[in-house]
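Working notes, structure below.
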Amino acid sequence: MQYLKIEGEAKLSGEVKISGAKNAALPLIALTILSKHSVKITNLPDVTDIKTLITLLSNLGAKTELLNAHEAQIDTNSINSTKANYDIVRKMRASILVLGPLLSRYGHCEVSLPGGCAIGARPIDLHLNALEKMGAKIEIKQGYVVVTAPKGGLKGANISFDKITVTGTENIVMAAALANGTTRLLNAAKEPEVTALCEIINASGVKIEGIGTDELIIHGSGGKLLELEHIQVIPDRIEAGTYLCAGAITNSKITITNCEPKHLGSVLAKFEDMGFGFDINEDKITIKPAKQIKAVEIITTEYPGFPTDMQAQFMAVACVAKGTSVIDERLFENRFMHVSELLRMGAEIKLNGHIATVTGANLTGADVMATDLRASSALVLAALVAKGQTSVHRIYHLDRGYENLEGKLTSLGAKIQRLDEK
Ligand code: EPZ
């Protein structure tokens, strides 16, 4: 196991390149299951979740090759199993994304129930109810969900999600792509990663109407595979927001490149509320220091609202703002795992259910433990500004979704080392 040793009171400068989006790449890797051809995927982030899902496809019989850290060639025509086993799925909930495509192409799929994770129960009832409406038979057997499509394949259906679900929307869009007839999906997620998936499917022979809205109409191909040969992954808006938080918490001027500013509207608005300024052009954002970092009010909600995946990082910035911030986490029931660790660094945070009240304070370095991907990045941010040295342990959480975090922060002037636990 490794940990990060971070010197505090950092001042940052320079620029950092944003990687491809993990949460866009994962559904796109699953989408290769529907492709008639071998697919080349470019701008992949070099993170463990991507390798985990590619390994899962390889275990099902697909031919997979990592051409380099950011490109993969995947040919799923050799798939000879539709059972995604527990040892991979337990590592990553997003493995559930193979359910829709496997069912749609092969008429059958067994996926281990993902189980909960640090931030909540993470059920998949919305995914399964929607597939049942498309004619699928669902059974739960020894911790696996076993799904079987009707003889002639899934049928298009009218589906309305009771809650907005990102991977639920992605799963159903991929299931509907090869179904017989039209599927209308209401209350669909509108995250940029969902829109990117729909645009690629729409360009590969399956017409989708309403892309980018909460009502998607998918005209199923009746089993005809997608004409798909190359996929380019969009930039990671959460990684981008995290580095902007590194600039904000150290009150430094830094630039992020290879990003998509239009995916960060609600995040930039909250930075402005806190007193920060920006220079923005097509794929670059420069954050400029605030005269005084001001407290902020945040409610997490689905896109285009403030993203839950940025909540922990903004809480770290709020820990050094002047005044009292209020952060209301509306999506996940337990996404405050970073609070106890921030308290150990001298933060002043009070929790009342899903609402955190944060009063600005001076942070001091400490030994802290990462618990989930975004909580870990919040601890790194706090360590950059704390007085003294911080060690962040269990950083395998970070490696799931941040490519070369210590290398990128070092290039901005941070003093950060990756070391082996004794
Ligand atoms: C996606 O998770 C992201 N992961 C998460 O990012 C992100 O936090 C989340 O969307 C919300 O934006 C990927 O895209 C791989 P949901 P997902 O289904 O799809 C409830 C990160 O840090 N729900 O949109 O699993 C659920 O419990 C990760 O990169 C049901 O009740 O999230 C939650 O309260 C963490 N039943 C809410 O909906 C279901 O069947 C939103 O969950 C499905 C979801």
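Can you list the strands (runs of 3 or more DSSP E) lying wholly within the stretch 303-398 that have 2 or more residues being within 16 Å of the ligand (Cβ to nearest atom)? Correct list: 324-328.
Here are some residues: GLY222, GLY212. Which one is touching a residue at least 60 places away in the same chain (Cβ under 8 Å) and part of a loop (DSSP other than H, G, I, E, B)? Even if it seems obvious, please write down each step before you answer.
Values: GLY212 fails: touching a residue at least 60 places away in the same chain (Cβ under 8 Å).
After ruling out the rest, the residue left standing is GLY222.
Within the stretch 13-37, the set of residues being closer than 21 Å to GLY107 by Cα and either aliphatic (A, V, I, L, M) or more than 13 Å from the ligand (Cβ to nearest atom) (or both) comprises LEU28, ILE29, ALA30, LEU31, THR32, ILE33, LEU34, SER35, LYS36, HIS37. GLU132 passes every criterion in (1) within 16 Å of the ligand (Cβ to nearest atom); (2) exposed (fewer than 12 other Cβ atoms within 10 Å of the Cβ); (3) among the charged types (D, E, K, R); (4) not in a loop (DSSP other than H, G, I, E, B) apart from (2).
Give the residues of the stretch 287-302 that are open to solvent by less than 20 Å² (accessible area, probe 1.4 Å) and either under 14 Å from ALA240 (Cβ atoms) or within 16 Å of the ligand (Cβ to nearest atom) (or both), sorted by residue number. Can you show your working first?
Initially, the stretch 287-302 is screened for residues open to solvent by less than 20 Å² (accessible area, probe 1.4 Å), giving 287, 290, 293, 296, 298, 300.
Passing the criteria: ILE287, ILE298, THR300.
Could you say whether any residue in the stretch 58-74 is open to solvent by 10 Å² or more (accessible area, probe 1.4 Å), in contact (Cβ under 8 Å) with a residue 12 or more places away in the chain and part of a helix (DSSP H, G or I)? Within the stretch 58-74, one or more residues are open to solvent by 10 Å² or more (accessible area, probe 1.4 Å), in contact (Cβ under 8 Å) with a residue 12 or more places away in the chain and part of a helix (DSSP H, G or I). None of ILE54, ILE33, ILE50, ILE41 is open to solvent by 10 Å² or more (accessible area, probe 1.4 Å) and either in a helix (DSSP H, G or I) or β-branched (Val, Ile, Thr) (or both) except ILE54.
In the stretch 238-256, the residues that are among the basic types (Lys, Arg) form Cβ pairs under 7 Å with partners that are open to solvent by less than 10 Å² (accessible area, probe 1.4 Å) and in a strand (DSSP E or B), at six or more places apart or across chains, as follows: LYS253/ILE287. Within the stretch 93-129, the residues that satisfy the criterion of being out of contact with any strand residue (DSSP E or B) (no Cβ under 9 Å at 6 or more places or on another chain), in a loop (DSSP other than H, G, I, E, B) and more than 8 Å from the ligand (Cβ to nearest atom) are PRO114, GLY115, GLY116, ALA118. Within the span defined as the stretch 59-81, every residue fails to be of a type in the set (Gly, Ala, Ser), within 22 Å of the chain's Cα centre (by Cα) and within 16 Å of the ligand (Cβ to nearest atom).
Looking across SER38, SER13, one residue alone is touching a residue at least 40 places away in the same chain (Cβ under 8 Å) and in contact with a Gly (Cβ under 6 Å, 6 or more places away or on another chain). It is SER13. Take ILE234 and decide whether it is open to solvent by 20 Å² or more (accessible area, probe 1.4 Å), among the hydrophobic types (A, V, I, L, M, F, W, C) and within 25 Å of ARG122 (Cβ to Cβ). So ILE234 fits the description; yes. For the stretch 399-421, a residue qualifies if it is within 16 Å of the ligand (Cβ to nearest atom), open to solvent by 30 Å² or more (accessible area, probe 1.4 Å) and not in a loop (DSSP other than H, G, I, E, B), and exactly one does: ASP399. What are the residues in the stretch 347-377 that are small (Gly, Ala, Ser), open to solvent by less than 30 Å² (accessible area, probe 1.4 Å) and farther than 15 Å from GLU297 by Cα, if any? Of everything in the stretch 347-377, those that are small (Gly, Ala, Ser), open to solvent by less than 30 Å² (accessible area, probe 1.4 Å) and farther than 15 Å from GLU297 by Cα turn out to be ALA347, ALA361, GLY365, ALA366, ALA370, ALA375, SER376, SER377. Could you go through the stretch 179-196 and let me know if any residue there is more than 11 Å from the ligand (Cβ to nearest atom), within 20 Å of ARG105 (Cα to Cα) and either in a helix (DSSP H, G or I) or modelled with pLDDT under 95 (or both). No, that holds for no residue. You will find that of LYS151, LYS141, LYS137, the residue that is of a type outside the set (Asp, Glu), more than 16 Å from the ligand (Cβ to nearest atom), over 19 Å from VAL98 (Cα atoms) and open to solvent by 20 Å² or more (accessible area, probe 1.4 Å) is LYS151 and no other. Determine whether THR213 is within 19 Å of ALA149 (Cα to Cα) and either within 16 Å of the ligand (Cβ to nearest atom) or open to solvent by 10 Å² or more (accessible area, probe 1.4 Å) (or both). No: the conditions fail for THR213. Whenever a residue of the stretch 154-165 is aliphatic (A, V, I, L, M), its partners that are near the ligand (Cβ under 8 Å from one of its atoms), lying with C-beta atoms within less than 8 angstrom and at least six residues away or across chains, give the pairs ILE164/ALA189; ILE164/GLU302.
So that you can scan it fast, the table gives a plain yes or no per residue for (1) touching a Ser or Thr at 6+ places or on another chain (Cβ under 7 Å); (2) over 25 Å from LEU419 (Cα atoms):
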{"position": "GLY8", "(1), (2)": "yes, no"}
{"position": "THR32", "(1), (2)": "yes, yes"}
{"position": "ILE41", "(1), (2)": "no, yes"}
{"position": "ASN59", "(1), (2)": "no, yes"}
{"position": "LEU67", "(1), (2)": "no, yes"}
{"position": "LYS83", "(1), (2)": "no, yes"}
{"position": "ASP87", "(1), (2)": "no, yes"}
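Of the residues making up the stretch 246-268, those that are more than 24 Å from LYS190 (Cα to Cα) and part of a helix (DSSP H, G or I) are ALA246, GLY247, ALA248, ILE249.
The values are calculated or read from the model by the stated rules, or taken from the named source; none is laboratory data. A quick note: this is a predicted structure, and the numbers were derived from the prediction, not measured. Here the Cβ is made from the backbone with ideal geometry for all residues, glycine too, and neighbour counts use every protein chain on show. For the accessible areas, the whole protein counts, side chains as well, though only heavy atoms, and no ligand, DNA or RNA atoms are used. Shrake-Rupley method; radii C 1.70, N 1.55, O 1.52, S 1.80 Å.
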